[in-house]
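S.K.: Quick one: the structure is below, and I'll ask about it shortly.
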Amino acid sequence: MKLLRNQSGQILVEYILLLLIAVSTAVILTTALVGRRSSVEESGVLIKSWHRIIQVIGNDLPDCPNQTDFNSPNCN
């Protein structure tokens, strides 16, 4: 029984360290993937991709069937 009491403190410390590692990893991944900053270029990967998708959809003009460049709204 004495041996089990000594290990309970070690188990608690190991649990807290594992929890700290898991939370730190989650924060780093969240910041890298969906972190928002002052400009889009500095934001996370998903925010940059979503911004590009929204721009392409917005630049697709419905009355221009021959439009090939969707980086700017231009009907040639």
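The values are calculated or read from the model by the stated rules, or taken from the named source; none is laboratory data. What you see is a predicted model; the values in this text were computed from it and never measured. For neighbour counting, all protein chains shown are included, and Cβ atoms are generated from backbone atoms with ideal geometry for every residue, glycine included. For the accessible areas, the whole protein counts, side chains as well, though only heavy atoms, and no ligand, DNA or RNA atoms are used. Shrake-Rupley method; radii C 1.70, N 1.55, O 1.52, S 1.80 Å.
S.K.: Collect the residues in region 37-76 that are open to solvent by 80 Å² or more (accessible area, probe 1.4 Å), modelled with pLDDT under 90 and in contact with a helix residue (DSSP H, G or I) (Cβ under 6 Å, 6 or more places away or on another chain), keeping them in residue-number order.
M.R.: Residue satisfying the conditions is PRO73 alone.
S.K.: Limited to region 20-36, what total is found for residues that are open to solvent by less than 90 Å² (accessible area, probe 1.4 Å) and hydrophobic (A, V, I, L, M, F, W, C)? First the steps, then the outcome.
M.R.: Let us first name the residues in region 20-36 that are open to solvent by less than 90 Å² (accessible area, probe 1.4 Å), namely 22-27, 30-35.
From what is left, the residues that are hydrophobic (A, V, I, L, M, F, W, C) are 22-23, 26-27, 32-34.
So the count comes out to 7.
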